[in-house]
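Engineer: Right, I'll just put the structure down here and ask away after.
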Amino acid sequence: MRSEIIITQNPDEYINELKQSVKICKIYKDDEFLLDDAKSIMQNAYLIEEYDKYFVLSYKDYSIQAQNYMLKLLEEPPAKVYFKILVSSKNILLPTIKSRLISRKLDSYKNDFEIKIDLKNMNYLDIANYNIDKANLSDFISALIKQCYKNNIKLSKDLLEEFYKCYELSKVNSNSKIITSRLLLGIMRERS
């Protein structure tokens, strides 16, 4: 195992598996990765250990300042030091961080989100009244595209690209009403 970016919707599951397979695993977990966190990691990284040492960073958001502080450490880590940076989307990280580490996506996440709109018969009023909270937006988008295929609604290349863009936007705290409306209107247009 080497340093890498792990794209996962279930970071706790990955952390539990890693803890069972390595001797030293330091976990840093919170809502936002800040400069103080980066400084703490830097200090601990240079402590000499007999075994490989893994630093797991599991944050919902990573501040630009803290990421920049970590660049040199990620590029040239001390011997026997490895990093696992857990993210829900690779776009959360700076391009300079992404260029220094390989990425791996874990597919263990199961989406049980239920679409509560009839895609074949929806109208403008249905779309206007349909609400999804921000916490469930990415699950909604994933489930929506699956529902389109189940209902034999053919999606154009442009609409598929729109799904991808909206999915990425859902990870950066975008307006859920605008995103759901854009996608549902796109489906309504494709359907006719």
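Every number here is computed from the coordinates shown, using simple stated rules; none is lab data. All of these numbers come straight from a predicted model, not from anything done at the bench. Positions of Cβ are generated from backbone atoms using ideal geometry, with glycine treated the same way; all protein chains shown enter the neighbour counts.
Engineer: If one takes the longest principal axis of the Cα atoms in the chain, at what angle in degrees, from 0 to 90 and to the nearest 10, does the Cα axis of helix 137-150 lie?
Structural biologist: Roughly 50 degrees between the two axes.
Engineer: What is the angle, in °, between the Cα long axis of helix 157-170 and the longest principal axis of the Cα atoms in the chain? Nearest 10 is fine, range 0 to 90.
Structural biologist: Its long axis makes an angle of about 50 degrees.
Engineer: Which of the listed residues, Leu57, Leu86, Leu155, is farthest toward the dipole's positive end in the chain, when Lys, Arg count +1 and Asp, Glu count -1 at the beta-carbon?
Structural biologist: Leu155
Engineer: Per residue of the chain, what 222 nm ellipticity follows from adding -39500 (n - 2.57) for every DSSP H run with n ≥ 4, rounded to the nearest 500?
Structural biologist: Numbers: 8 runs with 90 residues, N = 192.
Calculated from helices alone, the mean residue ellipticity at 222 nm is -14500 deg cm²/dmol.
Engineer: Taking loop as defined by DSSP and a crowding limit of 15 other beta carbons within 10 Å, which trypsin sites (Lys or Arg not before Pro) in the stretch 45-87 fit? List each step's numbers first, then the result.
Structural biologist: On the way: sites: Lys53, Lys60, Lys72, Lys80, Lys84; in loops: Lys80.
Here the sparse-neighbourhood loop sites are Lys80.
Engineer: In percent, what relative contact order does the chain have, based on Cα pairs under 8 Å that are 6 or more apart in sequence? The partial results should precede the final answer.
Structural biologist: Values: 257 pairs, mean separation 44.9, N = 192.
Answer for the chain is 23 percent.
Engineer: Assigning unit charges at the beta carbon (Lys, Arg +1; Asp, Glu -1) and nothing else, what dipole magnitude in debye, to the nearest 20, does the stretch 106-155 show about its Cα centre? Can you show the working numbers first?
Structural biologist: Values: 7 positive and 7 negative charges, 42 e Å.
Result for the stretch 106-155 is approximately 200 debye, rounded to the nearest 20.
Engineer: Cross-link partners among aspartates and glutamates for Lys150, C-alpha distance below 18 Å, same-chain residues fewer than 8 apart left out?
Structural biologist: Answer for Lys150, where 18 Å is the Cα cut-off: Asp112, Glu114, Asp118, Asp139, Glu190, listed by chain and number.
Engineer: Under the rule that an exposed site lies in a DSSP loop and has at most 11 other Cβ atoms within 10 Å, name the longest stretch of the chain with no GluC sites (Glu not before Pro) of that kind, not counting the sites themselves.
Structural biologist: Numbers: sites that count: Glu50, Glu114.
Counting only loop sites that pass the neighbour cut-off, the longest clear stretch is 115-192.
Engineer: Mind checking the angle between helix 11-21 and the chain's longest principal axis? C-alpha axes, 0 to 90 degrees, to the nearest 10.
Structural biologist: Result, in degrees: 40.
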